[in-house]
Amino acid sequence: MTEMKTMLKQLARDTMFDISDDEMPALIEEYNMFMNHVQFLESIDTQDVEPLAFPYEVETTFLREDEVSHIISREDALKNAKSIQDYQIKVPKVVK
Amino acid sequence: MNFEQIIGLEVHCELKTNSKMFSASPVTFGKEPNTMINEIDMAMPGILPVLNKRAVEYAIRVCYALHMDIDELLRFDRKNYYYSDLPKGFQITQEQFPIGKNGYLDIVVDGKTKRIEIERLHMEEDTAKQFHYDSYSLIDYNRSGIPLIEIVTKPAIRSGAEASAYLEKLRQVFLYTDVSDAKMEEGSMRCDINISIRPLGSQKFGTRTEIKNLNSISHVQQAIEFESLRQEKIILDGGKVLQETRRFDEKRKETVAMRIKENVANYKYYPEPNILPIRLNHQWVMDIKERLPIMAEQREKIYIDKYGLSQSEAHRLISYKELSDFYEETVKNCSRYKIACHLLLGEVLGYLNKKNISLEETKLTPHYLSEIIEYIDEEMISSKQAKEVLECVMTEGKKPQCIIEEKGMKQISDVDILTQLIDQILDNNEKSIRDFSSGKDRAIGFLVGQVMKETKGQANPKITNQLLLKLLKERVQ
Amino acid sequence: MMIQYSIEELHQLLQLNDFDSKMYYDELFQEAEFQQKKLNAFVTITKEKAYKDLKKADFISLLSGIPYVLKDNYNTKGIRTTASSLMLEDYIPIYNAHVVDLLNQQGSCLIGKSSMDELAMGGTNQSALTGIVYNPWDRTRIAGGSSGGSAALVASGVVPFALGSDTGDSIRKPAGYCGVVGFKPTWGRISRYGLIPYASSLDHVGAFTRNVRDMAIVIETLAGHDEKDMTSSIREVPHYLENLNDNIKGLKIGVLKSISDEIIDIEVKENFDSIICKLQGLGAVVEDITMPSNLMKAILPTYTIIANAEATSNHACLDGIKYGNRQDGETIDEIILHSRTHGFSHYIKRRFILGNLALATENQERMFKKAQKVRRLIVEELNRIYEDYDVILTPNGRGIAPKVNEIVNNYLYDDHVILESHLCLANLAGLPALSLPSGFVDGMPISVHLMGRIFEEQTVFNVAYALENILDFKNQYSREG
Ligand SMILES: [Mg+2]
Ligand SMILES: [Zn+2]
């Protein structure tokens, strides 16, 4: 049980958020349901079946011409950012 | 124990398209931060990518130049990781199906040719640029989404010298296919190194380290030299090389381990659901091959065989793509191939280096250069004057003829005029004639100087010398 | 004066000289505020903008001057767009979704942004930042989700049409619960540019209306190639309204028994059977069809794995750095971590965690790729059916909208509820699919579900039109629930 908790907490971390202990029971329940789903799919024979990444097999030939047609103002670009300095987004120093 | 270095290089190259890989904002360098972007480059919620046609064309050009197999069905994948310079939280790249596969590049090291096999070339997008200050960093999205191609060799490189020759050659490919300015110092060409060592003769690969983001060819060579010695020491001390990512400390000339999150290698690649597979028009792909610019090697051969340049002249000339392009234009209507080459590699290059500018920034045109060559050829100006004219053209952009006239540079090559003048000077300098007859050669120098003084340097030196000697001899006989 | 007109009715009124459009909008906003108190369906009411748009409207085209509502996951320039998530609580887009531009060009008047499940991930509207949306027919019941607000606002008569988005059933399910027409066309038929995504390979732009003709009008306006969406089709868009035809003689309709056999509620069953009789009465050839039961059971697992995996990646951009609800932190990682921990509800976090699990390199073959392979098997099975049938008919889910207090969680369903989950077949295969009100049970509306071949929207419209014409539910709405 604690092992699963640790695993799920790490998985949350990998997804860049934390899970509180309160949230854990529901997560475990849903995780188990999810793993049932995974198990069920394992019972289906997919040998020689290619994955389908789109709803149907489809190709396009459309490519964009290399033209500059859309620039936004710097004000618009930064309008929704919470921390700005010198027209750039400010963050704590990136540790290299 | 002798060790062998096993090196693979991953090179990223920014393409000089007008617009970004997946958005219609401009590709620029050094512009005001966050002025060259749109919502796509900032990954605003709801945006979608649309692939740039020219970026594909450029990738294909390089594929051809590297003798690669081209996949005419383009497919893209997502590389997922969280990082502040990656606005979408994923990079669109081609993991599973790179546009180019199985290529090579021949390099020459110590006079020997070696074929470096290239595994793949794929298209992707650049990240935003971060500027680091003491206590904070600032993010500029202008670079976000600039088209990149990444070229990955097989672990086929065996020394720093080979690595450096490969990079030089690859850089030349980028320049001659005209897809990038490939400036390592500005980051439009970047290199990662994968390196391991093994006892000579062993077939097994050792544990490799990755050195990220080298920004000059000499750093690549230095990093390889340092890193292979470091690994050697570890092994000889009975230790184990760790598989890790390192960076090159330019001041200390050392590689240093980077702090990397444990799971960063788990990129969770999967097919990009917002880009359908793209079927390239076969004829279009073939046409790109037809229109492929002449590569450096072919030019070098033409320069030697057709223009009579020496091997080293030809080699030097093609190593400056800009000069070589200029040369091509110049010799279209000027058959003085050697002089053109000498002026470009001598005076012009010297001037550019002195001013630290590019040829494009000067006002010299191929037409002006051939005009100057014509004047030299007809002995209207001396080579010393030619240098002055060239400089003048480069800075002021005036027509050479005007400069020559303004400066009163036209050479006096008329034998009658010069004979009359020299006779006059000899009449007034009997001492010099005596000196000459008693074998003092410097008398000639003095007399030439007198001629130059009288003509304000416009006397043709060659003819003046010849005439002076002839007239002197007549007088002492 | 009443305001609950259809698009076509209102269009005719707007063209009359003595019709006071300003007054119409005054009443509309009165009604909107009245319904907001009852239904909690709006996130934002855009009154000022609507009046401004109205002034510009020339009422010439069918949608000119027509009021509408957008689900709050369509980017609207200058208008707060939250996707009902705390993360985007104060996000103000700097650009319009493609379909928003199209509606602006038509002169349609946006009157508000509607509530939804957070980031469109859910089926109850329970996870919305502004809380649950109530059903106009009975306020003790939910409107459904994730496009709950849009469904409720069309069903209560406030607007004649609203846009939703549909990744698994997010238009069709709330449409069914609220007794209105819900439709999503073929994947690729309408540009998704500017729609805050859930799962890109399953996401669809779609709409709610109170009759099939109106739906044809709206979809015809939105459909077509958009150079900003590489997945949008270059196929020509037919004139859905002009070609609308209720003569469906000889059309082959397959009744997917694997689904309809699961109906438990007797009244729902009777209603469904009566629809079959009516279709036969209209001259359609109606026959039973089945799909292998293991594939039917695989629908939900396949869907959840793909949807959650794509969602996790699609929402990696929500890090609090460039926009969104930024929280403090000593390092960038901490900022991202804190912002995401704070900005997402626990429902969403669970989905993201599972999505991440399925995509992880060591699991991908067993989970994500496996689901994509089964997706192919399911799609191929459907295609086999479409070799012989023009439309597949199923009940639009289990039955009537649940009571608010009946929904205790928003968990993934267990794998046996095929009846409830089968609507996402249309998303897995990208098929045009429509839910049509078919009757009432306990005073609550129920619907049937029609799925056509890809790019055959017209066939689906025609069947729905024919049915609608002989049923009594055209233009229905409920103000007093
Ligand atoms: Mg790489
Ligand atoms: Zn790369």
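Only one of these is in contact with a Ser or Thr (Cβ under 9 Å, 6 or more places away or on another chain) and open to solvent by 10 Å² or more (accessible area, probe 1.4 Å): B:Phe76, B:Phe29. Name it. Full working, then the answer.
Details: B:Phe76 fails: open to solvent by 10 Å² or more (accessible area, probe 1.4 Å).
Unique residue meeting the criteria: B:Phe29.
Assess whether B:Lys384 counts as being open to solvent by 40 Å² or more (accessible area, probe 1.4 Å), at negative phi and not in a helix (DSSP H, G or I).
On the way: open to solvent by 40 Å² or more (accessible area, probe 1.4 Å): yes; at negative phi: yes; not in a helix (DSSP H, G or I): no.
When the stated conditions are applied, B:Lys384 does not pass them.
I'd like to check which strands (runs of 3 or more DSSP E) are fully inside the range B:102-150 and have at least 1 residues that are modelled with pLDDT of 95 or more and within 16 Å of ligand 1 (Cβ to nearest atom).
Details: elements: B:112-125, B:129-132, B:136-140.
Passing ranges, in order: B:112-125.
For the range B:358-403, name all the residues that are within 20 Å of B:Ile463 (Cβ to Cβ) and of a type in the set (Gly, Ala, Ser).
If the condition is that a residue be within 20 Å of B:Ile463 (Cβ to Cβ) and of a type in the set (Gly, Ala, Ser), then B:Ser382, B:Ser383, B:Ala386 are the ones that fit.
Only residues that are within 21 Å of C:Tyr477 (Cα to Cα), in contact (Cβ under 8 Å) with a residue 60 or more places away in the chain and not β-branched (Val, Ile, Thr): list them for the range C:10-52, please.
C:Leu10, C:Tyr25, C:Leu28, C:Phe29, C:Glu31, C:Ala32, C:Gln35, C:Lys38, C:Leu39, C:Asn40, C:Ala41, C:Phe42
Kindly indicate whether B:Ser159 is hydroxyl-bearing (Ser, Thr, Tyr), surrounded by 15 or more Cβ atoms within 10 Å (Cβ to Cβ) and more than 15 Å from ligand 1 (Cβ to nearest atom).
Details: hydroxyl-bearing (Ser, Thr, Tyr): yes; surrounded by 15 or more Cβ atoms within 10 Å (Cβ to Cβ): yes; more than 15 Å from ligand 1 (Cβ to nearest atom): yes.
Here the answer is yes, as B:Ser159 does meet what is asked.
Determine whether B:Thr255 is away from ligand 2 (no atom under 16 Å from the Cβ) and within 14 Å of chain A (Cβ to nearest Cβ). Write out each step before concluding.
Details: away from ligand 2 (no atom under 16 Å from the Cβ): yes; within 14 Å of chain A (Cβ to nearest Cβ): yes.
Yes; evaluated as a whole, the condition is true for this residue.
Any residue that is touching a helix residue (DSSP H, G or I) at 6+ places or on another chain (Cβ under 9 Å), away from ligand 2 (no atom under 13 Å from the Cβ), within 30 Å of A:Ile71 (Cβ to Cβ) and within 12 Å of another protein chain (Cβ to nearest Cβ) - is there at least one of those in the range B:96-118?
no
Before we move on, is B:Ile70 open to solvent by less than 10 Å² (accessible area, probe 1.4 Å) and either within 22 Å of A:Asp76 (Cα to Cα) or of a type in the set (A, V, I, L, M) (or both)? So that I can check it myself, show each step before the final result.
On the way: open to solvent by less than 10 Å² (accessible area, probe 1.4 Å): no; either within 22 Å of A:Asp76 (Cα to Cα) or of a type in the set (A, V, I, L, M) (or both): yes.
For B:Ile70, the condition - open to solvent by less than 10 Å² (accessible area, probe 1.4 Å) and either within 22 Å of A:Asp76 (Cα to Cα) or of a type in the set (A, V, I, L, M) (or both) - is not met.
So is B:Thr153 away from ligand 2 (no atom under 16 Å from the Cβ), surrounded by 20 or more Cβ atoms within 10 Å (Cβ to Cβ), in the same structural domain as B:Met21 (by TED's automatic domain parsing) and of a type in the set (Ser, Thr, Tyr) or not?
On the way: away from ligand 2 (no atom under 16 Å from the Cβ): no; surrounded by 20 or more Cβ atoms within 10 Å (Cβ to Cβ): yes; in the same structural domain as B:Met21 (by TED's automatic domain parsing): yes; of a type in the set (Ser, Thr, Tyr): yes.
Against the criterion (away from ligand 2 (no atom under 16 Å from the Cβ), surrounded by 20 or more Cβ atoms within 10 Å (Cβ to Cβ), in the same structural domain as B:Met21 (by TED's automatic domain parsing) and of a type in the set (Ser, Thr, Tyr)), B:Thr153 does not qualify.
Tell me which residues, restricted to the range C:384-399, are under 22 Å from C:Ser435 (Cβ atoms) and modelled with pLDDT of 95 or more.
The first filter runs over the range C:384-399 and keeps only residues under 22 Å from C:Ser435 (Cβ atoms), leaving C:385-386, C:389-399.
Result: C:Ile385, C:Tyr386, C:Tyr389, C:Asp390, C:Val391, C:Ile392, C:Leu393, C:Thr394, C:Pro395, C:Asn396.
Is there any pair linking a residue in the range C:124-144 that is charged (D, E, K, R) to one that is surrounded by 23 or more Cβ atoms within 10 Å (Cβ to Cβ), with Cβ under 9 Å and at least six apart or on different chains, and which?
C:Asp138/C:Ile400; C:Asp138/C:Ala401; C:Arg139/C:Leu39; C:Arg141/C:Tyr134; C:Arg141/C:Asn135; C:Arg141/C:Tyr177; C:Arg141/C:Ile400; C:Arg141/C:Ala401
Yes or no: C:Leu202 surrounded by fewer than 22 Cβ atoms within 10 Å (Cβ to Cβ) and assigned to a loop (DSSP other than H, G, I, E, B)?
On the way: surrounded by fewer than 22 Cβ atoms within 10 Å (Cβ to Cβ): no; assigned to a loop (DSSP other than H, G, I, E, B): yes.
In short, no.
What are the pairs, 6+ residues apart or on separate chains, where a residue within the range B:8-29 that is assigned by TED's automatic domain parsing to the domain that holds B:Met44 has its Cβ under 7 Å from a residue that is assigned to a loop (DSSP other than H, G, I, E, B) and within 12 Å of ligand 2 (Cβ to nearest atom)?
As it stands, the answer is B:Glu14/B:Asp126, since those pairs meet every condition given.
Going through the range C:344-353 one residue at a time, which ones are surrounded by 24 or more Cβ atoms within 10 Å (Cβ to Cβ) and under 27 Å from C:Ile94 (Cβ atoms)? Before you say what the answer is, go through the steps one by one.
Restricting attention to the range C:344-353, the residues satisfying the condition of being surrounded by 24 or more Cβ atoms within 10 Å (Cβ to Cβ) are C:344, C:348, C:350-353.
Selection gives C:Phe344, C:Ile348, C:Phe352.
Being within 14 Å of another protein chain (Cβ to nearest Cβ), closer than 30 Å to B:Val50 by Cβ and modelled with pLDDT under 95 narrows it down to one residue among B:Asn281, B:Asn263, B:Asn274, B:Asn213; which is it?
Numbers: B:Asn281 fails: modelled with pLDDT under 95; B:Asn263 fails: closer than 30 Å to B:Val50 by Cβ; B:Asn274 fails: modelled with pLDDT under 95.
Criteria check complete, one pass: B:Asn213.
With (1) under 30 Å from C:Glu334 (Cβ atoms); (2) open to solvent by less than 10 Å² (accessible area, probe 1.4 Å); (3) out of contact with any His (no Cβ under 7 Å at 6 or more places or on another chain) as the list, and B:Thr127 as the residue in question, which single condition is left unmet?
(2)
What residue, of B:Tyr327, B:Tyr307, is in contact with a Phe, Trp or Tyr (Cβ under 9 Å, 6 or more places away or on another chain) and part of a helix (DSSP H, G or I)?
Working: B:Tyr307 fails: part of a helix (DSSP H, G or I).
After ruling out the rest, the residue left standing is B:Tyr327.
Please state which one of B:Ser159, B:Ser196, B:Ser180, B:Ser228 is under 16 Å from the mean Cα position of the chain (by Cα) and either assigned by TED's automatic domain parsing to the domain that holds B:Lys253 or within 16 Å of ligand 2 (Cβ to nearest atom) (or both). It would help to see each step written out before you state the result.
Values: B:Ser159 fails: under 16 Å from the mean Cα position of the chain (by Cα); B:Ser196 fails: under 16 Å from the mean Cα position of the chain (by Cα); B:Ser228 fails: under 16 Å from the mean Cα position of the chain (by Cα).
It is B:Ser180.
Quick test for you: out of B:Ser188, B:Ser196, pick the one residue that is closer than 13 Å to B:Ile7 by Cβ and among the hydroxyl-bearing types (Ser, Thr, Tyr).
Numbers: B:Ser188 fails: closer than 13 Å to B:Ile7 by Cβ.
Every option except B:Ser196 fails the conditions.
With the structure loaded, tell me whether B:Arg279 is within 30 Å of C:Ala199 (Cα to Cα) and open to solvent by 50 Å² or more (accessible area, probe 1.4 Å) or whether it fails that test. If you could, list the steps in order and put the result at the bottom.
Numbers: within 30 Å of C:Ala199 (Cα to Cα): yes; open to solvent by 50 Å² or more (accessible area, probe 1.4 Å): yes.
Against the criterion (within 30 Å of C:Ala199 (Cα to Cα) and open to solvent by 50 Å² or more (accessible area, probe 1.4 Å)), B:Arg279 qualifies.
So, restricting to helices (runs of 4 or more DSSP H) that lie completely within the range C:392-481, which ones have at least 2 residues that are under 17 Å from C:Ile264 (Cα atoms)?
Values: elements: C:418-421, C:425-428, C:457-470.
Those helices (runs of 4 or more DSSP H) span C:418-421.
Can you pull out the residues in the range B:178-214 that are closer than 30 Å to B:Ser324 by Cα and within 16 Å of ligand 1 (Cβ to nearest atom)? Steps first, answer last, please.
So the first thing to find is which residues in the range B:178-214 are closer than 30 Å to B:Ser324 by Cα, and the list is B:178-192, B:213-214.
Correct list: B:Gly187, B:Met189, B:Arg190, B:Cys191, B:Asp192, B:Asn213, B:Leu214.
Please specify each residue of the range B:1-44 satisfying the condition of being more than 10 Å from chain A (Cβ to nearest Cβ) and more than 16 Å from ligand 2 (Cβ to nearest atom).
Listed by number, the residues that qualify are B:Met1, B:Asn2, B:Phe3, B:Glu4, B:Gln5, B:Ile6, B:Ile7, B:Lys16, B:Phe29, B:Gly30, B:Lys31, B:Ala43.
If I ask for residues that are out of contact with any helix residue (DSSP H, G or I) (no Cβ under 8 Å at 6 or more places or on another chain) and more than 8 Å from chain A (Cβ to nearest Cβ), which ones from the range C:362-381 would you list? Lay out the reasoning, then the answer.
Initial filter on the range C:362-381 (out of contact with any helix residue (DSSP H, G or I) (no Cβ under 8 Å at 6 or more places or on another chain)): C:362, C:365, C:369, C:373, C:376, C:380.
The answer is C:Glu362, C:Glu365, C:Glu380.
Collect the residues in the range C:257-304 that are farther than 30 Å from C:Asn247 by Cβ and hydrophobic (A, V, I, L, M, F, W, C), keeping them in residue-number order.
Those that are farther than 30 Å from C:Asn247 by Cβ and hydrophobic (A, V, I, L, M, F, W, C): C:Ile264, C:Ile266, C:Leu295, C:Met296, C:Ala298, C:Ile299, C:Leu300.
Output the qualifying pairs, or none if there are none: Cβ atoms under 7 angstrom, residues six or more apart or on different chains, first residue in the range C:320-334 and surrounded by 16 or more Cβ atoms within 10 Å (Cβ to Cβ), second residue charged (D, E, K, R).
Every condition considered, the pairs that remain are C:Gly320/C:Arg326; C:Asn325/C:Glu89; C:Arg326/A:Lys82.
With the range C:246-318 as the region, which helices (runs of 4 or more DSSP H) entirely inside it contain at least 3 residues that are open to solvent by less than 10 Å² (accessible area, probe 1.4 Å) and in contact with a Pro (Cβ under 6 Å, 6 or more places away or on another chain)? It would help to see each step written out before you state the result.
Values: elements: C:257-260, C:266-281, C:293-314.
By residue number, no helices (runs of 4 or more DSSP H) qualify.
The values are calculated or read from the model by the stated rules, or taken from the named source; none is laboratory data. Given the structure is predicted, the values throughout are model-derived calculations rather than measurements. With ideal geometry, Cβ positions are generated from the backbone for all residues, glycine too; neighbour counts draw on all protein chains shown. These area figures cover heavy atoms from the full protein model, side chains too; ligands, DNA and RNA do not enter into them. Shrake-Rupley method; radii C 1.70, N 1.55, O 1.52, S 1.80 Å.
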